[in-house]
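Have a look at the structure below before the remarks.
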Amino acid sequence: DQQVKQNSPSLSVQEGRISILNCDYTNSMFDYFLWYKKYPAEGPTFLISISSIKDKNEDGRFTVFLNKSAKHLSLHIVPSQPGDSAVYFCAASVIEAGNMLTFGGGTRLMVKP
Amino acid sequence: SQTIHQWPATLVQPVGSPLSLECTVEGTSNPNLYWYRQAAGRGLQLLFYSVGIGQISSEVPQNLSASRPQDRQFILSSKKLLLSDSGFYLCAWSRGTSGRYEQYFGPGTRLTVT
């Protein structure tokens, strides 16, 4: 049973426009959520996180939104740049259970110049 | 600043051979350490985690084992590799203190079992 799902395997966006990556989860115990960016043959790079006590967290061009009632989070990238092209993973954890991350399957973002 | 190292970067091993992948973290003490595997075209699966020397927890039953002989060293091993062990192995660390829950990943090891 996949507890964290990214239903869109790929997304193509024009440079300068907004990229919206979505993630759904099923475990209501999750209380911390993260987004990672991954280039081929490299380890994931941490982008941004959000605690379940918040519904929005912003860092530069990246904003994460959390809708707990819908068990849904999204990552907005504005404006999108060609260097943003990568695979994006969302992850969730239960902090008191040891902070192990459960990852979604990833979404490949392609930003066209 | 903290850095995490993994080696080797790539490895090709025959079925039935042993495996040892090493991960070390610099610039922090008493980190939580993790091993993940990414199979081709899939997400990351947690294999093992450790909150201290000699303390290992396994998330999935498998042909692999992990050890933490020193505070900042984490080793992934196998006595006999299977074809299904092929994948991209990632080590990660996080601070052992509350309030900081991000995990930081190493560069990974690409393992191909032939």
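Laboratory data are not the source of any read-out in this text; all were calculated from the coordinates shown. If you're wondering where the values come from, they're calculated on a predicted model, not measured in any experiment. Heads up, the Cβs are rebuilt from the backbone with ideal geometry, glycines too, and the neighbour counts pull from every protein chain shown.
Based only on Cα atoms, what mean projected area does the convex hull of the stretch A:4-112 have, in nm²? The partial results should precede the final answer.
Numbers: hull surface 25.8 nm².
Averaged projected area of the stretch A:4-112's Cα convex hull equals 6.4 nm².
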Per residue of the stretch B:75-90, what does 6.51 cos²θ - 1.76 cosθ + 1.60 with θ = phi - 60° give for ³J(HN,Hα)? Whole Hz please, x for Gly and Pro, Karplus curve as stated.
10, 10, 9, 8, 7, 9, 6, 10, 4, 5, 7, 4, x, 10, 9, 10
Output ordering of B:19-27, B:49-57 (per-residue mean of other Cβ within 10 Å, highest first) is B:19-27, B:49-57
If every Lys and Arg gets +1 and every Asp and Glu gets -1 at its Cβ, then about the Cα centre the stretch A:4-112 yields a dipole, in debye to the nearest 20, of 260 debye
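With Rg and the Kirkwood Rh both taken from Cα atoms, where does Rg over Rh land for the protein assembly as shown?
Working: Rg = 17.6 Å, Rh = 18.1 Å.
For the protein assembly as shown, the value is 0.97.
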P(r) for the stretch A:13-66, please, calculated from all Cα pair distances in 10 Å bins and given in %.
19, 48, 29, 4
Can you give the FRET efficiency for A:Arg108 and A:Thr26, using 1/(1 + (r/R0)^6), R0 = 22 Å, r = Cβ-Cβ distance, to the nearest 0.05?
0.45
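For B:Ile53 and A:Asn67, what does the FRET efficiency come to when R0 = 45 Å and r is the distance between their Cβ atoms, rounded to the nearest 0.05?
Working: r = 41 Å, r/R0 = 0.90.
So the FRET efficiency works out to roughly 0.65.
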How large is ³J(HN,Hα), in whole Hz, for each residue of the stretch B:45-54 in order, when computed from phi with the Karplus curve 6.51 cos²θ - 1.76 cosθ + 1.60 and θ = phi - 60°, using x for Gly and Pro?
10, 6, 9, 9, 9, 9, 9, x, 4, x
Zero-based 5 Å bins, Cα pair distances in the stretch A:51-113, whole percents:
4, 14, 21, 24, 20, 10, 5, 2, 0
If amide H atoms are built 1.01 Å from N in the plane of the peptide, which residues on other chains or at least 5 residues away come under 5 Å of the amide H of B:Gly52?
none
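At 10 °C and 1.306 mPa s, grab the translational diffusion coefficient of the stretch B:1-51 from Stokes-Einstein with a Kirkwood Rh over Cα pairs, rounded to a whole number in µm² per second. Mind showing how you got there, number by number?
Working: Rh = 13.2 Å.
Taking Rh from Cα pairs, D becomes 120 µm²/s.
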Residues in the stretch A:78-109, backbone N under 14 Å from the label point at A:Asp59 (7 Å along the Cα-to-beta-carbon vector): list them, ranges by number please.
A:89-91
Once all Cα-Cα distances of the stretch B:3-113 are split into 10 Å bins that start at 0, what whole-number percent is in each one?
15, 50, 29, 5, 0
What is the mean number of Cβ atoms from other protein chains located within 10 Å of the Cβ atom of each residue in peptide A:37-49, rounded to a whole number?
4
